[in-house]
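Following: one structure in structure tokens, then a few remarks.
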Amino acid sequence: MIDTPVLERVLGAALRHGGEFAEVFAEDRSSSSAVLDDGRVEELSSGRDRGAGIRVVSGDTTGFAHTADLSESGLLKAAEAASAVARSGGGGATTVAVGPLHGDGGATRGGSGRPKVSKADSLELLGRADEAARAAGDAISQVQAGYGGSRRQVLIANSEGLLVGDEQFRTRFSVSCVAVGDTGMQTGFETAARTVGFELFDEVSVEDLARLAAGRALSKLSARPAPSGEVPVVLAGGSGGILFHEACGHGLEADHIVKDSSVYAGQVGEQVASPLVTLVDDGTVGTEWGTFGVDDEGRPAQRNVLIEDGILTDYLWDYLRARKEGRLSSGNGRRQTYQHLPMVRMTNTFLLPGKDDADEIVAQTPHGVYVAKLGGGQVNTTTGDFVFGTTEAYLIEDGKITEPLRDANLIGNGPEILKRVDAVATDFAMTPGTCGKDGQSVPVGCGQATLRITGVTIGGTAE
Amino acid sequence: MSTAIEETTARSGDPGELMAVAERVAGWARTGEDVEVYVARGDETEIRAYDGEVESLTSATSAGIGVRVVVDHRLGFAWAGSLDGSVLAETLEEARDNAAFATRDEHVQLAVPDGVAAVPVDLWDEGLAAVPTPAKVAAALTLEAQARGADPRIRQVSSADYGDGSVEVALVSTTGIRSAYRKTSGYLSVGVIAGEGDASQTGGGFSVGRGFEGLDPDRATADAVERAVRMLGATKGPSGRNTVVFDRRAATTLLSVISSALSGEAVAKGRSFFAGRIGEQVGGSVVTLVDDPTDPRAYGAAAYDGEGLACRRNELIAGGVLQGFLYDTIAGSRAGVASTGSAVRGGFAGTPGVGCRALTLAPGAEGYDEAGVLRAVGDGLFVQSMTGVHSGVNPISGDFSVGAEGLLIRDGKLAEPVREITVASTLQRMLHSLVAVGADVEWLPGIAAAQTLAIGDMQVSGV
């Protein structure tokens with residue numbers, strides 16, 4: 001993307017007015033998407049975005065500028081703008097040497113597949129999904145299927161001599177359905193997403209996705225209002241895993257910790273969860289949605305144990321927050337695009353499987369709610385209060401899964417809920433998601449086996 | 001990879017140049033195809049203060065193009081984050097190629113001028129460009145210091161930001177559309193953490209405007225501090241049926257959610273609970289809902305919509321009776337009506353869709369402010385913020401279940417704070433249960449007005 005001598009000159013220019021650290025993050029991203037809606041291929045879209053973000057750190061201050069102009073003069077202009085924060089110190093020429101280059105072209109596993117996809121192939125998949133969803137039941141009134149693929153090349157150089165590249169392919173396929181019945185309309189959604197090219201569809205059947213989405217909408221046609229108040233909740237394996245993402249994942253991000261805006265600040269070594277809880281964030285897992293070769297600061301992805309047997313072991317770190325603590329980044333510095341500053345983000349966050357039997361957990365729950373599929377969630381890291389939504393849930397009566405429930409949000413407090421996990425099964429599965437923080441979205445994975453929480457407040461309309 | 005230095009065809013400072021770029025690309029249309037070219041350029045500055053220092057200073061310029069091509073009622077789209085000469089031609093070519101794969105649909109067409117004159121709205125602050133960066137830095141530092149010292153219970157200022165931006169857009173099509181607009185914006189935004197003993201609570205406040213002048217740090221700080229401090233000592237509230245008063249900011253969110261069910265596109269595709277109900281009573285007689293982007297006070301005020309047609313006032317619900325929906329050109333054609341000038345697009349990387357810009361409920365005849373609504377309600381729950389709106393509100397089924405925090409209302413006044421509760425109903429029922437609409441209309445960032453609302457018979461889940 002950019003020649004090494006140019007990078008060196010730009011980094012030198014970025015430090016001309018002072019500052020201890022400078023970085024060039026260059027990105028070239030191309031994406032394509034197609035949507036089939038209401039039985040028609042409505043829109044094929046292609047996008048191309050290329051540019052660089054330049055960061056200068058001086059003391060506790062970061063200067064940042066980005067440009068779509070990757071010529072040396074364009075980069076130098078951005079370096080000048082980013083260095084404006086460091087006017088007080090430095091002065092004169094700064095020489096920076098970087099390299100050799102690590103990992104260019106394929107450090108991210110699974111990224112070497114078949115990036116070049118014919119548009120006709122993706123449309124064929126959409127048609128098959130539409131057909132399968134409509135065949136799932138006469139009450140299916142509307143189907144929308146979407147395909148999205150992207151290729152992202154990054155090149156990161158910094159004044160500490162780092163020079164690293166990565167190439168990340170991501171592919172996503174989703175189906176959403178509407179079913180109509182006597183009680184109105186209900187919706188169902190399912191998605192598959194991996195850090196691979198078109199070979200996603202070697203592993204994933206779009207018909208299966210469509211049937212899952214349609215089944216969800218259909219089953220809710222006869223759903224009754226969700227209960228309201230505190231109930232025991234069993235979360236199915238792979239139902240979303242978003243519980244831990246919200247209940248503690250965000251609260252373990254070091255930017256919240258250093259600003260004392262997390263309930264988990266100062267808790268390392270403390271028992272913060274049930275002994276059944278071992279939570280891991282791991283950017284190296286196979287081709288999961290949150291996997292990458294290097295993070296957006298050039299640090300290799302790694303496996304980080306955050307909670308072990310209920311005891312808080314560590315937080316998640318990016319370069320800036322780690323530097324302040326005199327330690328290394330944990331490979332969690334991520335950004336949405338070159339136009340964004342990196343910050344501490346999760347990758348694939350999951351609860352390790354336990355020893356219980358999934359069916360037994362349900363059988364031993366006299367009364368409660370069984371959540372087969374979760375929607376999104378949200379957390380206030382300072383108070384620990386978080387919500388997560390259901391998109392497929394059932395009542396548990398006398399140890400059996402019975403009637404379907406309408407969608408509702410559940411609300412809890414992270415540190416309290418983590419202590420209420422009293423059973424974890426073996427049927428582990430991961431799901432993809434999009435995590436938003438401070439206006440930036442990044443792909444993440446979430447995972448868990450079937451587990452039970454002894455009490456969570458569910459916000460249905462039934463009294 | 002080598003760096004290609006390409007001809008740059010547009011530089012900041014001359015609005016006529018964007019129009020020239022758009023006209024040049026539209027001029028490349030072939031016989032038998034319609035082409036629409038959207039060209040945008042923007043500048044932005046963002047300064048975050050922390051603990052008396054600048055934490056980060058971002059300055060950036062971006063530009064890009066989005067092209068829609070319609071050939072034989074087939075639509076293709078492509079975008080690029082650059083206005084380099086070679087990119088323009090590639091983007092048009094890619095959109096053209098995409099069109100060939102779309103389904104032929106007689107309703108697919110570009111907008112044509114409809115004779116409705118645009119109401120000029122002045123969204124450009126001439127003074128913004130002349131504000132020096134140090135003045136902006138000072139604004140962020142002052143905000144942070146002010147928030148930190150506002151109340152002895154403020155333990156932390158988690159964010160204190162100044163930001164501004166300007167954007168210029170030109171839209172040209174071979175069907176006769178030729179529109180251009182530009183706008184500036186500025187904001188101050190602050191997040192605080194209040195503490196007492198072990199308990200912490202958060203609050204946010206902001207001040208927005210078209211530029212630098214007039215931004216009000218006192219207002220932003222007072223709002224953030226009040227919201228955090230009054231929540232100290234919050235406990236999980238009681239369960240039961242209750243009247244819920246949504247504070248102005250929460251009400252904006254509520255109206256925005258309802259707006260998606262008023263999209264003629266959602267209606268045509270069977271994804272709105274309003275479908276087929278024009279002329280019916282869909283809410284209480286106090287519900288009169290209008291989208292009027294020609295109101296210059298509205299945050300979303302605009303002269304032109306996302307297809308270059310004039311924005312106009314659209315009455316959607318009058319006295320509780322559904323009057324009609326919002327349409328862009330394609331959705332209008334599907335419904336057999338003209339566009340209502342309601343196409344919205346999220347920048348050059350997105351295609352137009354149907355949306356509100358300035359939705360507001362007609363203020364109740366009583367002329368209530370917040371205190372007036374509280375007095376009228378007497379006893380109930382005051383919600384100051386909601387969470388999980390994206391996971392718990394479904395504008396297709398109408399199911400509504402959100403996390404909430406706020407204060408109990410007793411004898412017409414705010415009483416003790418409550419948190420970790422949910423509030424649930426259906427959007428359909430909520431429209432019928434609106435018991436008071438405040439006259440305290442304020443235009444905050446977003447697509448709907450902020451005004452205090454009281455809704456009866458909602459299910460609250462807490463202890």
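The values are calculated or read from the model by the stated rules, or taken from the named source; none is laboratory data. It should be emphasised that the depicted structure is a prediction, and the values quoted were computed from it without experimental measurement. In this analysis, Cβ positions are derived from the backbone assuming ideal geometry, glycine residues included, and neighbour counts consider all displayed protein chains.
Of everything in region B:384-394 that's assigned to a strand (DSSP E or B) and not β-branched (Val, Ile, Thr), which residue is farthest from the other protein chains (Cβ to nearest Cβ)?
Of everything passing the filter in region B:384-394, B:384 is farthest from the other protein chains (Cβ to nearest Cβ).
Can you tell which of B:245, B:208, B:225, B:172 is of a type in the set (Val, Ile, Thr), more than 30 Å from residue B:60 (Cβ to Cβ), more than 13 Å from chain A (Cβ to nearest Cβ) and assigned to a strand (DSSP E or B)? Can you show your working first?
Numbers: B:208 fails: more than 30 Å from residue B:60 (Cβ to Cβ); B:225 fails: assigned to a strand (DSSP E or B); B:172 fails: more than 30 Å from residue B:60 (Cβ to Cβ).
B:245 is the lone residue from the list that is of a type in the set (Val, Ile, Thr), more than 30 Å from residue B:60 (Cβ to Cβ), more than 13 Å from chain A (Cβ to nearest Cβ) and assigned to a strand (DSSP E or B).
Applying the set (1) over 28 Å from residue A:436 (Cα atoms); (2) touching a Leu at 6+ places or on another chain (Cβ under 6 Å); (3) surrounded by fewer than 24 Cβ atoms within 10 Å (Cβ to Cβ) to residue B:398 leaves exactly one unmet item: (1). Taken together, the residues in region A:432-463 that are facing another protein chain (nearest Cβ under 9 Å) and under 22 Å from residue A:403 (Cβ atoms) amount to 7. Within region A:151-189, how many residues turn out to be in contact with a helix residue (DSSP H, G or I) (Cβ under 6 Å, 6 or more places away or on another chain), of a type outside the set (S, T, N, Q) and more than 27 Å from residue A:123 (Cβ to Cβ)? Residues flagged as in contact with a helix residue (DSSP H, G or I) (Cβ under 6 Å, 6 or more places away or on another chain), of a type outside the set (S, T, N, Q) and more than 27 Å from residue A:123 (Cβ to Cβ) within region A:151-189 amount to 1.
Residues being within 15 Å of the chain's Cα centre (by Cα), more than 14 Å from chain B (Cβ to nearest Cβ) and at positive phi are represented in region A:331-339 by at least one member. One residue alone among B:381, B:361 is aliphatic (A, V, I, L, M), more than 14 Å from every other protein chain (Cβ to nearest Cβ) and crowded, with 23+ Cβ neighbours inside 10 Å, and that residue is B:361.
Conditions tested, residue by residue: (1) farther than 21 Å from residue A:397 by Cβ; (2) away from chain B (no Cβ under 14 Å).
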| site | (1), (2) |
| --- | --- |
| A:185 | yes, no |
| A:192 | yes, yes |
| A:200 | yes, yes |
| A:208 | yes, yes |
| A:212 | yes, yes |
| A:220 | no, no |
| A:228 | no, no |
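One residue stands out among those in region A:288-316 that are among the β-branched types (Val, Ile, Thr) and surrounded by 22 or more Cβ atoms within 10 Å (Cβ to Cβ): the one that is farthest from residue A:345 (Cα to Cα), which is A:307.
Would you pick out the residues in region A:47-57 that are surrounded by fewer than 23 Cβ atoms within 10 Å (Cβ to Cβ) and either more than 8 Å from every other protein chain (Cβ to nearest Cβ) or touching a Ser or Thr at 6+ places or on another chain (Cβ under 6 Å) (or both)? Within region A:47-57, A:47, A:48 meet the criteria.
For region A:11-96, the strands (runs of 3 or more DSSP E) that sit wholly inside it and include 1 or more residues that are without any contact (Cβ under 8 Å) to a residue 12 or more places away in the chain, acidic (Asp, Glu) and more than 29 Å from residue B:55 (Cβ to Cβ) are A:40-58. Quick check: anything in region B:389-404 touching a Lys or Arg at 6+ places or on another chain (Cβ under 9 Å) and either within 12 Å of residue B:247 (Cα to Cα) or not assigned by TED's automatic domain parsing to the domain that holds residue B:356 (or both)? Yes, region B:389-404 has at least one match.
On inspection, residue A:292 does not qualify as aromatic (Phe, Trp, Tyr), in a strand (DSSP E or B), under 22 Å from the mean Cα position of the chain (by Cα) and modelled with pLDDT of 95 or more.
Could you list, in sequence order, the residues of region B:74-96 that are assigned to a strand (DSSP E or B) and within 7 Å of chain A (Cβ to nearest Cβ)?
Quick first cut of region B:74-96, residues assigned to a strand (DSSP E or B) only: B:74-80, B:84.
Result: B:75, B:76, B:77, B:78, B:79, B:80.
In region B:427-462, the residue that is nearest to the other protein chains (Cβ to nearest Cβ) out of those that are assigned to a loop (DSSP other than H, G, I, E, B) and hydroxyl-bearing (Ser, Thr, Tyr) is B:433. Against the condition modelled with pLDDT of 95 or more and farther than 20 Å from residue A:227 by Cβ, how does residue A:383 come out, does it pass? For residue A:383, the condition - modelled with pLDDT of 95 or more and farther than 20 Å from residue A:227 by Cβ - is not met.
Test residue B:280 against the stated conditions and say whether it is assigned by TED's automatic domain parsing to the domain that holds residue B:456 and in contact with a Leu (Cβ under 7 Å, 6 or more places away or on another chain). The answer is yes for residue B:280. Cβ separations smaller than 9 Å between residues 6+ apart or across chains give the following pairs from region B:279-307 residues that are surrounded by 20 or more Cβ atoms within 10 Å (Cβ to Cβ) to residues that are among the aromatic types (Phe, Trp, Tyr) and at pLDDT 95 or above: B:282/B:273; B:282/B:274; B:306/B:38.
Rundown of residues vs (1) under 27 Å from residue B:397 (Cα atoms); (2) modelled with pLDDT of 95 or more; (3) in a strand (DSSP E or B), yes/no style:
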| site | (1), (2), (3) |
| --- | --- |
| A:208 | yes, yes, no |
| A:211 | yes, yes, no |
| A:215 | yes, yes, no |
| A:240 | yes, no, no |
| A:246 | yes, no, no |
| A:264 | no, yes, no |
| A:268 | no, yes, no |
| A:275 | no, yes, no |
| A:288 | no, yes, no |
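Looking only at residues in region B:100-129 that are among the charged types (D, E, K, R) and within 30 Å of residue B:186 (Cβ to Cβ), the one that is nearest to the chain's Cα centre (by Cα) is B:122. Residues that are within 16 Å of residue A:428 (Cα to Cα), in a strand (DSSP E or B) and either within 12 Å of another protein chain (Cβ to nearest Cβ) or over 17 Å from the mean Cα position of the chain (by Cα) (or both) within region A:343-396 comprise A:356, A:371, A:372, A:373, A:374, listed in sequence order. Return a yes/no flag: does region B:267-276 have any residue that is buried (at least 19 other Cβ atoms within 10 Å of the Cβ), touching a helix residue (DSSP H, G or I) at 6+ places or on another chain (Cβ under 6 Å) and either aliphatic (A, V, I, L, M) or not assigned by TED's automatic domain parsing to the domain that holds residue B:386 (or both). Within region B:267-276 (the criterion being buried (at least 19 other Cβ atoms within 10 Å of the Cβ), touching a helix residue (DSSP H, G or I) at 6+ places or on another chain (Cβ under 6 Å) and either aliphatic (A, V, I, L, M) or not assigned by TED's automatic domain parsing to the domain that holds residue B:386 (or both)), the answer is yes, since at least one residue qualifies.
Among the candidates B:87, B:121, the residue that is touching a residue at least 40 places away in the same chain (Cβ under 8 Å), surrounded by 19 or more Cβ atoms within 10 Å (Cβ to Cβ) and under 19 Å from residue B:305 (Cα atoms) is uniquely B:121.
A search for C-beta distances below 6 Å between a residue of region B:444-463 that is within 23 Å of residue B:359 (Cα to Cα) and any residue that is in a loop (DSSP other than H, G, I, E, B) and among the hydroxyl-bearing types (Ser, Thr, Tyr), counting only pairs 6+ apart in sequence or on different chains, returns B:445/B:299; B:455/B:433; B:456/B:433. For region A:194-220, how many residues are within 17 Å of residue A:429 (Cα to Cα), surrounded by 24 or more Cβ atoms within 10 Å (Cβ to Cβ) and β-branched (Val, Ile, Thr)? Here the count works out to 1.
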